[in-house]
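Q: Before I ask anything, let me first share the structure, which is written out below as structure tokens.
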Amino acid sequence: MPDDLTFLMGKFPAVLPGGLRYARNHMWARPEDGKLRFGFTSYAVRLMQDVYFLDWQVNAGDRVEMLQQVGHIETSKAVSDLFAPCAGAIVAFNQALLDDPSGVNVDGYGSGWLFDMDSPGDGLLSAQEYHQFLDENWEKTQRMIKGKINTED
């Protein structure tokens, strides 16, 4: 199994387990019972900070296309749309998160998983490729974060 990697977000580490696959929209994927289980990466959780609310716009059994809107998330930083990390069929949602989404904050790579998909996972990245993607976009992300902070004053 590949080694875990750590991406430093300033002084904050975002651990990227080496055995997972990653989507450019900051979700991880783990093979689970013949399907892919998805959740938010530690990078995404750090940017969002506290997750307060999740709402899905699709149902279990629905087929989705890559980057199709599938729901909404409310965090301490923003209300945002959620998009499918790849094409496939949504098999099941983590129902516990609908009642209490804090699992995303506490155990993002475990009980904080979002949904299972029946998908080949086309377009997903290795931990190394995702780390490189984060590195290539970190400066732009910092400018965006600082811009939002400056407009909130």
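Q: Relative contact order of the chain, please, whole-number percent, based on alpha carbon pairs below 8 angstrom and at least 6 residues apart.
A: 25
Q: What percent do you get for the relative contact order of the range 29-98 when only Cα pairs under 8 Å and 6+ apart count?
A: With pairs under 8 Å counted, the relative contact order is 28 percent.
Q: Find which of 54, 70, 14 sits farthest along the positive direction of the dipole of the chain, computed with +1 on the beta-carbon of Lys and Arg, -1 on that of Asp and Glu, about the Cα centre.
A: Farthest towards the positive end: 14.
Q: Sticking with this structure for a sec: Only helical DSSP H runs with n ≥ 4 go in: add -39500 (n - 2.57) per run for the chain, normalise by residue count and round the 222 nm mean residue ellipticity to 500 deg cm²/dmol.
A: -8500 deg cm²/dmol
Q: Quote the charge dipole size of the chain about the Cα centre in Debye, to the nearest 20; the model charges only the Cβ of Lys and Arg (+1) and of Asp and Glu (-1).
A: 380
Bear in mind these aren't lab numbers, they're just calculated from the coordinates by the rules spelled out. What you are looking at is a predicted structure, and each value in this text was computed from that prediction instead of being measured. Virtual Cβ from ideal backbone geometry, glycine too; neighbours counted across all protein chains shown.
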